[in-house]
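Step one of this worksheet: look at the structure below.
The values are calculated or read from the model by the stated rules, or taken from the named source; none is laboratory data. Keep in mind that this is a model prediction, so the values were computed, not measured. A quick note on method: Cβ atoms are made from the backbone with ideal geometry, for glycine too, and the neighbour counts reach across all protein chains shown. Just so you know, the surface numbers come from the protein's heavy atoms only, side chains and all, with ligands and any DNA or RNA stripped out. Shrake-Rupley method; radii C 1.70, N 1.55, O 1.52, S 1.80 Å.
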Amino acid sequence: INYFLFEEASNVKLEIYDTKVTGIVAEKDVSKYRTQGNKLIRTYSNKDTLYRIPPNNVPPYWIRPQQLLSDKEGSHRFMWDMHYQPLNLPPTYPISATPMNTAPDPTSPWVMPGVYVAKLTVDGKEFFQAFQIKMDPRVKTPVKDLAVQHDLSLMCYNNLQKCMDALKTIKDGDSKTADSRKALTAYSQMFSSLQNILQDSDMPPTTQTVTAAKNAERAFAVVWSLWMKQKN
């Protein structure tokens, strides 16, 4: 995503919106899409800070330099990795590596091919640009199968986020919430594992994986309902 600032700014924010329009759209029609009624899926700001890299077994020269949204005068190029907002988890790195360009393991799903909108806000002034994400033409997986993979992955991601948020509110040593902590931790691990399996390739998810994800979703709904009653 390229942008130009005529002078240094105080506040710069980049937001990515999903228009829910999938499939191939004529390039001349893309310009009509704006953020109204669309879903915000990723936010960057010049106020962001670099994440802390924990001790790991990865050589330092493997790691991709972290990128922050610039507020300086001049021309800038910023890369969106085509994922939803990452979860607040310590970064881990894959064993496969590209020198100086190895990104952390993703904690959120890939987005679907379709039309998206970039909204850049500079000191209160808003700028919009719609664009398309297209599937790698070498991938022959039907869109309907990609949608199943995406929707189940997003379900796991959302429920994992709910587990993480709930666990933050539980105090250590609180016997009244011990069972809830145990259940939420177990489902957090389950949804993380399922999301990793679903996002591991561009192939249609297996019947076993689909069944496991749907069973986990149904079971977690009961656990979450009990937790909300206990919380309130």
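When +1 charges are put on Lys and Arg Cβ atoms and -1 charges on Asp and Glu Cβ atoms, the dipole computed for region 85-161 relative to its Cα centre reaches about 240 debye.
The Ser10 and Gln132 beta-carbon pair, evaluated with R₀ = 22 Å, returns a calculated FRET efficiency of approximately 0.10.
Ranking of Thr107, Thr211 by solvent-accessible surface, largest first: Thr211, Thr107 (1.4 Å probe, protein heavy atoms only, all chains present).
Shape verdict for region 1-159, please, from the Cα gyration tensor: rounded (a/c under 1.5), prolate (a/b greater than b/c) or oblate. Verdict is oblate for region 1-159. Charge dipole (Cα centre; +1 on Lys/Arg Cβ, -1 on Asp/Glu Cβ; no other charges) of the chain amounts to roughly 580 debye.
Computed extension gain for Lys214 through Leu50, at 0.36 nm per residue and net of the alpha carbon distance, reaches 55.5 nm.
Separation of region 1-56 and region 171-216, taken as the distance between their Cα centroids, equals 29 angstrom. Probing with 1.4 Å while keeping every protein chain in the model, the per residue accessible area of the chain equals 63 Å².
Residues within the reach of a label modelled at Ile24 (point 7 angstrom out along Cα to beta-carbon, backbone nitrogen below 14 Å), restricted to region 104-128, are 114. According to the square roots a ≥ b ≥ c of the eigenvalues of the Cα gyration tensor, what is the shape class of region 93-155, taking rounded for a/c under 1.5, prolate for a/b larger than b/c otherwise, and oblate for the remainder? Since a/c reaches 1.5 but b/c is at least a/b, the shape of region 93-155 is classed as oblate. A P(r) calculated from all alpha carbon pairs of region 78-232, with 10 Å bins opening at zero, reads 9, 31, 31, 21, 8, 0 percent. Calculated [222 nm] ellipticity per residue, helices only, for the chain: -11500 deg cm²/dmol; basis is -39500 (n - 2.57) per DSSP H run with n ≥ 4, divided by all residues, nearest 500. When a/c is below 1.5 the answer is rounded, else prolate if a/b is larger than b/c, else oblate, so apply that to region 187-228 with a ≥ b ≥ c taken from the square roots of the Cα gyration tensor eigenvalues. Because a/c hits 1.5 or more and a/b exceeds b/c, region 187-228 counts as prolate. Ordering Cys163, Thr185, Gly173 by the projection of their Cα atoms onto the charge dipole of region 156-209, which places +1 on the Cβ of Lys and Arg and -1 on the Cβ of Asp and Glu, puts Gly173 at the extreme positive end. Pairs of Cα atoms nearer than 8 Å and 6+ residues apart set the relative contact order; for region 83-232 it is 20 percent.
Restricting attention to region 89-232, the count of lysine pairs at 8 or more positions apart or across chains with alpha carbons under 21 Å apart stands at 21. Computing FRET efficiency as 1/(1 + (r/R0)^6) for Val139 and Asn196, where r is the C-beta to C-beta distance and R0 is 22 Å, gives about 0.70.
Put simply, when 150-156, 177-183 are sorted by average Cβ atoms within 10 angstrom per residue, most first, you get 150-156, 177-183.
Contact order, relative form, for region 57-126: 36 percent (alpha carbon pairs under 8 Å, 6 or more residues apart, mean separation divided by residue count).
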